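Trainee: For reference, the structure I am asking about is given below.
The values are calculated or read from the model by the stated rules, or taken from the named source; none is laboratory data. A quick note: this is a predicted structure, and the numbers were derived from the prediction, not measured. Here the Cβ is made from the backbone with ideal geometry for all residues, glycine too, and neighbour counts use every protein chain on show.
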Ligand SMILES: [Cu+2]
């Protein structure tokens, strides 16, 4: 009798522990999805891809020049500006303020893009 009671008690504790673990895992997943990370923008064939993107505050955007000619990444409002990027060179900027950040290539001003930070 005593043994069966303690077994039932143990099973109950185990069950609570597993339920708690499950809740913990869900919370962890939710916060991981909200965490800002790094977003890649490819420069290729005289265009930025994606041309326009929306990211959470704190996100780092990395532009990589996949074209075989040099380009730059220059903020229209002079918030950031890369040096001239040769093929496969990268430029990164971390967006710490919400807002809309249009940019262009200063060598080919018809190349434009936009980052919206929320
Ligand atoms: Cu360019």
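Trainee: Considering 99, 49, which residue is more than 11 Å from the ligand (Cβ to nearest atom) and without any contact (Cβ under 8 Å) to a residue 12 or more places away in the chain? Give the steps one after another, and end with the answer.
Mentor: On the way: 99 fails: without any contact (Cβ under 8 Å) to a residue 12 or more places away in the chain.
It is 49.
Trainee: Further question: Every residue in the range 54-72 that is in a strand (DSSP E or B) and crowded, with 17+ Cβ neighbours inside 10 Å, please. Lay out the reasoning, then the answer.
Mentor: Start the filter on the range 54-72 by keeping residues that are in a strand (DSSP E or B), which leaves 54-55, 60-65, 71.
Across the range 54-72, the qualifying residues are 55, 61, 63, 64, 65, 71.
Trainee: Name every residue in the range 67-86 that is closer than 17 Å to residue 107 by Cβ and more than 12 Å from the ligand (Cβ to nearest atom), in order of residue number. Walk me through how you get there before you give the answer.
Mentor: Step one: filter the range 67-86 for residues closer than 17 Å to residue 107 by Cβ, giving 67-76, 78, 80-86.
Of everything in the range 67-86, those that are closer than 17 Å to residue 107 by Cβ and more than 12 Å from the ligand (Cβ to nearest atom) turn out to be 75, 76, 78, 80, 81, 83.
Trainee: For the range 31-38, state whether one or more residues are closer than 22 Å to residue 99 by Cβ, in contact with a strand residue (DSSP E or B) (Cβ under 6 Å, 6 or more places away or on another chain), surrounded by 10 or more Cβ atoms within 10 Å (Cβ to Cβ) and modelled with pLDDT of 80 or more. I'd like the intermediate steps shown before the answer.
Mentor: So the first thing to find is which residues in the range 31-38 are closer than 22 Å to residue 99 by Cβ, and the list is 34-38.
When the remaining residues are screened for being in contact with a strand residue (DSSP E or B) (Cβ under 6 Å, 6 or more places away or on another chain), the result is 38.
Of the ones still in play, those that are also surrounded by 10 or more Cβ atoms within 10 Å (Cβ to Cβ) are 38.
Narrowing further to those that are modelled with pLDDT of 80 or more: 38.
Yes.
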